[in-house]
Structures are given as C-alpha cells and as structure tokens.
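A quick write-up on the structure given underneath.
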Amino acid sequence: MSLQSQHRKSTMTVCPVDTDRLSHPGAADYFTRNPHRMAAVRAMLDLLSIPFPVWAQRDISGRAAANRNMLAAFRSDNPETLHQATVRKHGEHTTRLAKPSDPLACAPIDTSFLDT
C-alpha cells in the first residue's frame, strides 16, 4: 500500500431523499407487482434507514400465520389455559398413583443392598 493511499480520506456525499415519492400510488403499484422488486426496495430502504411506506411493510404470512390462526381456533374451542390443564392433569395423576390409604404406596424403599 502506498503512502499516498494511506493518507487519502474518504468522502461521503449526503443528499436528501424525498420519501413522499414513495407514497405515490404508481410507485406502490410498480414495486408490489413484482416480488423481486419488492425485496429490492425493502432492502434498499432498510440499508438507508428510511422508514418503510405502508405498502412495503410486511404482513404476517407463511407458517407464522398458519400457527397464529391454528392457535386462535384452538383457544376458541378450548378456553382452559395450558397451566390450568397441566394443574388439573397433574392432580388427576397424583390421586390415581398414590393414595394415602394404600400401604404399598407409602412403603419405604429397601436400600440395604447399598451397605455391602
């Protein structure tokens, strides 16, 4: 690397961007008709830290939308929360597994074989 290139300073030109033009219906129509254009304009706006216009904002789609819709349908059919269901099921299992009146449930464990 030469001495001259070490001492060069990089310059950056700042130019204002008219973001009102992004709200024009023609621009929205042009970019939204083609998914590659839409991806390019989103990337460029993101790199330049320019807020997205309404038409360029992403909506929930794909697997996330399917999961959201599925959970909403499940919750409407089953209003009980996961915590309530877990507590209810845990209570049912403990009453079936160990009743205080059952002598085998309360029998001590033989650990005499560990002493040898």
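Results, tabulated for the structure shown:
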| read-out | value |
| --- | --- |
| By accessible area with a 1.4 Å probe, ligands and nucleic acids excluded, highest first: order of 109, 50 | 109, 50 |
| Sulfur and carbon atoms: percent of accessible area, the stretch 10-58 [1.4 Å] | 58 |
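The values are calculated or read from the model by the stated rules, or taken from the named source; none is laboratory data. Because the structure is predicted, anything quoted here is derived from the model rather than measured. For the accessible areas, the whole protein counts, side chains as well, though only heavy atoms, and no ligand, DNA or RNA atoms are used. Shrake-Rupley method; radii C 1.70, N 1.55, O 1.52, S 1.80 Å.
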